[in-house]
1. Computed FRET efficiency, Cβ-Cβ of residue 223 and residue 24, R0 25 Å: what is it to the nearest 0.05?
2. Can you tell me what share of the DSSP beta bridges in the stretch 8-249 is antiparallel? A percent to the nearest 5 is fine.
3. In whole Å, what is the distance between the alpha-carbon centres of the stretch 36-112 and the stretch 202-250?
4. On a full-extension model of 0.36 nm per residue, what is the gain between residue 54 and residue 230, subtracting their alpha-carbon distance, rounded to one decimal in nm?
5. Name all residues of the stretch 194-225 having a backbone nitrogen under 17 Å from the label point set 7 Å from the Cα of residue 176 along its Cα→Cβ direction, giving them as ranges.
6. Please pull out the direction-averaged projected area of the chain, using the convex hull of its alpha-carbon atoms, in nm² to one decimal place.
7. Running a GNM on the chain with Cα contacts under 10 Å, which residue among 38, 130, 189 ends up with the highest mean-square fluctuation?
8. Would you mind calculating the gained length between residue 206 and residue 119 on full extension (0.36 nm times residue separation, minus the Cα-Cα distance), in nm to one decimal?
């Protein structure tokens, strides 16, 4: 039987969803994280507790929210509060997973979504900035970063640290006053799944996506990746994952 066809966005959603175990709290942002959380909830993590920036906690993602503050982020939830309460919840260490993105990422998982260029005033390009991303990256225990993969985005040093990863390496987060044990966990890029080597905190290749080679990942990364002796290969979306995505989560094709 031939494998079902899928597009790059569907692949990203499926790979991201697979990183989320059951019975965890997860800070969910707009776009792919919403679909990934919904897919995880329907496939293998029915007890996941989605947490949205504007106060929705534990919603059942029966219908896809279009923004982090709309009514669907509160549907059958366990609490409806506000942004200050949610950020306090993260500060107190109660949010296990967070989702992040950015325009640039460096070997230690630092993210830039503020400016492109060597100077702040005036910048070459001005980007939207942090929103709640600094809080998520600073305070959630495990952060999953979703990125387009090319040399312009995977850079040796970000132009501006909007959201801290492991900063300059081992111990740097703790020296900066961030909670010990928090930090980047996975990078789900358009080419591969990556993590951070525990001792050096340097980005490491785990598995290229289907039809992507290790060499292609290396060629599209602007710094030297850690390549382990054994590298896996990500499984393509299953027929059931695609059915749920297309028929239950996003039947209008708003994101996918």
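Read the figures in this text as sums done on the coordinates, not as results from a lab. In this text, all values refer to a predicted model and were calculated from it rather than measured experimentally. Note that each Cβ is placed from the backbone with ideal geometry, even for glycine, and that neighbours are counted across all protein chains shown.
1. That gives a FRET efficiency of 0.25.
2. The answer is about 45 percent antiparallel.
3. The stretch 36-112 and the stretch 202-250 have Cα centres spaced 23 Å from each other.
4. Values: separation 176, 0.36 × 176 = 63.36 nm, distance 4.20 nm.
Here the segment from residue 54 to residue 230 would lengthen by 59.2 nm.
5. 196-197, 200-203
6. Values: hull surface 56.5 nm².
Result: 14.1 nm².
7. 130
8. Difference between extended and current length: 27.9 nm.
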